[in-house]
Structures are given as structure tokens and as C-alpha cells.
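Enquirer: Got a structure for you, questions after.
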Amino acid sequence: MPEGNEIHRWAARHAAAFAGKTVRVDGPQGRFTDTALLDGRKLLGVKAVGKHLGYDFGRDRILHIHLGLQGDFTEGSGPLPAVKGALRLRMWNAAAVKKPAVELGSRKHSWYSEDDGTANSPAEQIAWVELRGPMDCTVYSQQMWETLERRLGPDPLNGDDPERAFAKIAKSRKPIGVLLMEQDVFAGIGNIYRAELLYRARQSPFTQGATVPRKVLEKMWNEAGPLMRAGMVDRRIVTTLAKDRPHKKGSVLKEETHYVYRRNGKPCWVCGTKVMKMEGFAGRNLFWCPVCQAV
Ligand SMILES: [Zn+2]
């Protein structure tokens, strides 16, 4: 599932491509039926909070998109491509799709860390985007959007105050590895950042929230913003420090981008112990080092 870094990245790209312009919207396979509310209106801006996107079309109409586990965007320049796949929605700039295509180079990704983003073209060259497989794609009112924002915890990418989240954790008997995935605690943190923030803080995922030291929570919060912002630029999430990687110089090798995420059975970069995996911890696979994160 895309995490906050990816969602904020789409918001920035789509705002650069479409905000301030009249935007065409359709659902050519009948999978989006509110086209008439949005098509031909000016897009005022694109918001991101946690894993939610909001395309503000004015007049109390905000297109809410949550990608969920399967959802993804495809982008391109030039004429709209033929309709294919389970296409939920398309958004395009009527003038830009009359121009010839240029090579954008953005690649579809199956696992974010494999896409270092270096081939991405400037967002201004995007003429159209397609959306497939989202968990939600519906038109919200301003009130609905505000209700959503109130429900979500602080977002490390929005400069929010973390105190609300710290207070919730301090009262909770749930394991910190579960709390980090709850979007009403922190918004935008997903499975990769959960695993890696816990590792970097040398914190066991199984410790009850109430007994996690305040300085550990502060470290995780303070690192979440910069790490997620770095992953927003190039989609590739790198959480290892150079001093801990076998190759300390040069570009980061794919297999050295993470401490524990998807490294089960491999030796911890720091202590050499085999990284562990547990399935279905807060619904997703959990990875951790039993020695570095013993407490
Ligand atoms: Zn270790």
C-alpha cells in the first residue's frame, strides 16, 4: 500500500499538472458515476492528509481518493490512451491532450524501493492521469473532508503537532507496532515506515504503547518527516544510514535500502542476527531484529 510519502507526491504532481486549470474528468467504463459534478470545472488545488487525496473543484466538491492496497495512478502526455484495464477515472487537460506525446519515462512500480524515480519527468508535462483499483473515489463535501481530517492523527508531512498522538499512545495498552499503523494515531505511516522507524529507534514492536519512553516516540516522529519527505521526491524509501550499510559509499544498493523491511531470514546490518517476520501484525507483515529491538 502506498504510504504518506507517495500520496503527498501524487498531490504535488497533480497540483503542478492541473491546479488552476479547467480539468476534464470521466469514468469511461461506468465505474465512476459522478463525472457531471466535476467535469469541465477548474481544479483549485490538491490536498493530501495521511493516505487520503482531496482534489478541490470548488462549490463544495472535493474528489476524495484513497488508493488502498491495489490503487495506482498512471500518467502520460499527449492524447488519451485507449481505455483498458479496470479504469475507474481519468483526469486530463483538454489542451494538453491535443499535443503530441513526449517520453515521460515514469515507470509503474510493483515495489516502491525498486523505482528510484530518476526517470520521472517534470509534472508540468503531464497531460492526463488514469486511476485504477482505488479503495475509494467519491465526491466529498467540505464538511465530509473536515470530518476525515479530524478523525486522522497528525501527519508527519503536514507539519502537524504530534502531541495528540503521543497522548493516545501513552494511554494505550496496544503494542506500539500496532499503534503506528492506526491512522487515527499517526496519519500516513504504513508498513515500511512502521518497521524502519521502530528499528531506527531500537524499539520492540511488541512493547505496550503506555510503556514506550517519550524520547523514543519523539525520535520516531522527528525521523518520520524527513524520511517520508525523502521518499516523496523519488518514491524510493531509504532508511539505512551509510555507516550501517555494507557499501558505505556510492549510490544505495536496492538490497541495502532497509534495515528490516522484507529482510526476514537475512542478517541484521548492525548485529548480524537473522531478521524476523510475523504475519498479520495489525493486518500486515511485521519485520524486526530480535536483538537490536529486544525492548
Ligand atoms: Zn540487529
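The values are calculated or read from the model by the stated rules, or taken from the named source; none is laboratory data. Values in this document were obtained by computation on a predicted structure and should not be read as measured data. Every residue, glycine among them, receives a Cβ derived from its backbone with ideal geometry; neighbour counts consider all protein chains shown.
Enquirer: Let me confirm something: among 282, 187, 201, 195, which residue is in contact with a Gly (Cβ under 8 Å, 6 or more places away or on another chain) and at pLDDT 95 or above?
Expert: 187
Enquirer: Still on this structure: Among the residues of the range 145-163, is any more than 30 Å from residue 28 (Cβ to Cβ), in contact with a Leu (Cβ under 9 Å, 6 or more places away or on another chain) and of a type in the set (Asp, Glu)?
Expert: So far as the range 145-163 goes, no, none of its residues is more than 30 Å from residue 28 (Cβ to Cβ), in contact with a Leu (Cβ under 9 Å, 6 or more places away or on another chain) and of a type in the set (Asp, Glu).
Enquirer: Within the range 44-96, which residues are of a type in the set (S, T, N, Q) and crowded, with 18+ Cβ neighbours inside 10 Å?
Expert: Filtering the range 44-96 for residues of a type in the set (S, T, N, Q) gives 70, 74, 77, 93.
Answer for the range 44-96, where residues must be of a type in the set (S, T, N, Q) and crowded, with 18+ Cβ neighbours inside 10 Å: 77, 93.
Enquirer: Just wondering, is there one or more residues in the range 202-211 that are out of contact with any Cys (no Cβ under 8 Å at 6 or more places or on another chain), assigned to a helix (DSSP H, G or I), over 30 Å from residue 65 (Cβ atoms) and within 16 Å of the ligand (Cβ to nearest atom)?
Expert: no
Enquirer: Can you tell me which residue in the range 250-272 is modelled with the lowest pLDDT, limited to those that are surrounded by 14 or more Cβ atoms within 10 Å (Cβ to Cβ) and either among the β-branched types (Val, Ile, Thr) or near the ligand (Cβ under 9 Å from one of its atoms) (or both)?
Expert: 252
Enquirer: Touching a residue at least 40 places away in the same chain (Cβ under 8 Å) and surrounded by 14 or more Cβ atoms within 10 Å (Cβ to Cβ), is that true of residue 172? Give the derivation first.
Expert: On the way: touching a residue at least 40 places away in the same chain (Cβ under 8 Å): no; surrounded by 14 or more Cβ atoms within 10 Å (Cβ to Cβ): yes.
Answer is no for this residue.
Enquirer: Could you list, in sequence order, all residues of the range 236-295 that are acidic (Asp, Glu) and over 16 Å from residue 202 (Cβ atoms)?
Expert: If the condition is that a residue be acidic (Asp, Glu) and over 16 Å from residue 202 (Cβ atoms), then 255, 256, 279 are the ones that fit.
Enquirer: Give the residue that is surrounded by the fewest Cβ atoms within 10 Å (Cβ to Cβ), with candidates limited to residues of the range 237-249 that are among the hydrophobic types (A, V, I, L, M, F, W, C) and assigned to a loop (DSSP other than H, G, I, E, B).
Expert: So, considering only residues that are among the hydrophobic types (A, V, I, L, M, F, W, C) and assigned to a loop (DSSP other than H, G, I, E, B), the one surrounded by the fewest Cβ atoms within 10 Å (Cβ to Cβ) is 241.
Enquirer: Would you please name the residue that is nearest to residue 97 (Cα to Cα), looking only at residues in the range 58-74 that are touching a residue at least 60 places away in the same chain (Cβ under 8 Å) and more than 17 Å from the chain's Cα centre (by Cα)? Steps first, please.
Expert: Residues of the range 58-74 touching a residue at least 60 places away in the same chain (Cβ under 8 Å): 60-73.
Restricting the remaining residues to those that are more than 17 Å from the chain's Cα centre (by Cα) gives 60-63.
Working: 60: 28, 61: 25, 62: 24, 63: 22 Å.
The qualifying residue nearest to residue 97 (Cα to Cα) is 63.
Enquirer: Here's another thing I want to ask about it. Among the residues of the range 273-291 satisfying the criterion of being touching a helix residue (DSSP H, G or I) at 6+ places or on another chain (Cβ under 7 Å) and within 13 Å of the ligand (Cβ to nearest atom), which is farthest from residue 1 (Cα to Cα)?
Expert: Top of the filtered list is 289.
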